[in-house]
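> Quick one: the structure is below, questions incoming.
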């Protein structure tokens, strides 16, 4: 007797085996890809959450510092407070012992003011009232200029210190510093973006006027800017002196010529 042949429906074929095997491999590959996506998403979520938590904590710290520093800054910027501080510094220097450091500083300041008053007396007649006013005004002015220079130096040092802290990420302050400077940069960028024409792409607009392709600043070097500022101030001062010489009884040009030794004594 011959064995019965299996029907074609029940007999497994090579094509069917390959198809089943391929389906199983495809399912396993899809499951692997899904698992990898889940792991990446969870890791990304953790990282973003950490960043957000750090940014939120840094923002809260900055808000507290701003809340405390806002009234102090408004008081320091008030002109009468600055005048009171300058007068207090002058009185402190004057009350110091002549052999101390503060006493020697006041002695040098007194000599400088006296020299300036005598120099002004060579330009026009200085009487007792004018001399007293010039002495007070010049002393306050010199001390104010010294205080401004000291504040400028302190500001430069603090800026450098903040840059160092942000660059080295000391005490974990990089995100907080970057957030504050990013806010300041965005506030400065908004007026620049507001005037951009609609037909000019944003990249071209910023590259032409704000951030060139070679990463060079879009303004002249420091030496050229200082030269332009000096020429501008000199032009304004000479124009004001000519106007005062021509339309007022104050011979400002004559005084300037005497001061520089170019005019008759």
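No value in this document is a laboratory result; all are computed from the given coordinates. Since this is a predicted model, take the numbers as computed values, not measurements. Cβ: placed from backbone, ideal geometry, glycine included. Neighbour counts: every protein chain shown.
> Consider the stretch 244-256. How many of its residues are part of a helix (DSSP H, G or I) and surrounded by 11 or more Cβ atoms within 10 Å (Cβ to Cβ)?
7
> Could you say which residue among 216, 204 is without any contact (Cβ under 8 Å) to a residue 12 or more places away in the chain and assigned to a helix (DSSP H, G or I)? Steps first, please.
Numbers: 216 fails: assigned to a helix (DSSP H, G or I).
When all the criteria are applied, what remains is 204.
> A further question on this structure: Of the residues 102, 81, which single one is in contact with a helix residue (DSSP H, G or I) (Cβ under 9 Å, 6 or more places away or on another chain) and under 30 Å from residue 176 (Cβ atoms)?
Answer to the check: 81.
> Something else: Inspect the stretch 232-243 for any residue being exposed (fewer than 10 other Cβ atoms within 10 Å of the Cβ), without any contact (Cβ under 8 Å) to a residue 24 or more places away in the chain and part of a helix (DSSP H, G or I) and give the result as yes or no.
Of the stretch 232-243, the ones exposed (fewer than 10 other Cβ atoms within 10 Å of the Cβ) are none.
No, the conditions are met nowhere in the stretch 232-243.
> Only one of 146, 117 is surrounded by 11 or more Cβ atoms within 10 Å (Cβ to Cβ) and touching a helix residue (DSSP H, G or I) at 6+ places or on another chain (Cβ under 6 Å). Can you tell me which?
None of the other options fit; the residue is 117.
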